[in-house]
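Asks: Here it is, the structure in full.
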Amino acid sequence: MAAEYKHKKYFRIRGADSTLKTFSSTADANTKIGFTSVYDTNNPTKTEALEDSGQTLAVTYEFESDADQTAFQTAIDNAWANSPHYPFNPADATDTVEHFRTEWLEPDGSVGETVNLKSYHL
């Protein structure tokens, strides 16, 4: 993979009472969030880590080319705009999955741009 085609997305879950849920592992976070297949567009290499005392899943996506990364982002943007369920299928249907930040990474791994984003509400 090419280091220049990377970005990092941050996800968390709010319960029906608006409190943030804590994940026990990255596998637990993936199960609870319920990512749809759109997050596999162009087969990115994924590196996952828990942050914020286990309340945030940070996923770094790495691509072979700018075109692959752009197509991935376009697929996710389209899922947000056109899907009745958005790009998540949470394990608990009363949960709200929040994709609240994306960091576009420079080839050296530093953050080039940060974008605060939307969240998913059932």
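Asks: Tally time: how many residues in region 38-66 are exposed (fewer than 15 other Cβ atoms within 10 Å of the Cβ) and more than 23 Å from P107 (Cα to Cα)?
Replies: Within region 38-66, residues that are exposed (fewer than 15 other Cβ atoms within 10 Å of the Cβ) and more than 23 Å from P107 (Cα to Cα) number 2.
Asks: Tell me the residue from E64, E51 that is within 15 Å of E4 (Cα to Cα) and in contact with a Phe, Trp or Tyr (Cβ under 8 Å, 6 or more places away or on another chain), please.
Replies: Only one candidate passes the filter, namely E64.
Asks: Can you spot a residue in region 86-109 that is more than 12 Å from K6 (Cα to Cα), surrounded by 12 or more Cβ atoms within 10 Å (Cβ to Cβ) and without any contact (Cβ under 8 Å) to a residue 24 or more places away in the chain?
Replies: So far as region 86-109 goes, no, none of its residues is more than 12 Å from K6 (Cα to Cα), surrounded by 12 or more Cβ atoms within 10 Å (Cβ to Cβ) and without any contact (Cβ under 8 Å) to a residue 24 or more places away in the chain.
Asks: Counting just the residues of region 23-37 that are surrounded by 14 or more Cβ atoms within 10 Å (Cβ to Cβ) and over 14 Å from the mean Cα position of the chain (by Cα), which one comes out nearest to R101 (Cα to Cα)?
Replies: Applying the filter and picking the extreme gives F23.
Asks: Kindly state which strands (runs of 3 or more DSSP E) lie completely within region 38-122 and contain at least 2 residues that are within 15 Å of the chain's Cα centre (by Cα) and modelled with pLDDT under 90.
Replies: Of the strands (runs of 3 or more DSSP E) lying wholly inside region 38-122, those with at least 2 residues that are within 15 Å of the chain's Cα centre (by Cα) and modelled with pLDDT under 90 span 96-105, 111-116.
Asks: Which ones in region 1-22 are under 14 Å from E98 (Cα atoms), in a loop (DSSP other than H, G, I, E, B) and not hydroxyl-bearing (S, T, Y)?
Replies: G15, A16, K21
Asks: Among D68, D52, which is the only one that is under 14 Å from F11 (Cβ atoms) and charged (D, E, K, R)?
Replies: It is D52.
The values are calculated or read from the model by the stated rules, or taken from the named source; none is laboratory data. Predicted, not measured: the structure shown is a model, and the values here were computed from it. In this analysis, Cβ positions are derived from the backbone assuming ideal geometry, glycine residues included, and neighbour counts consider all displayed protein chains.
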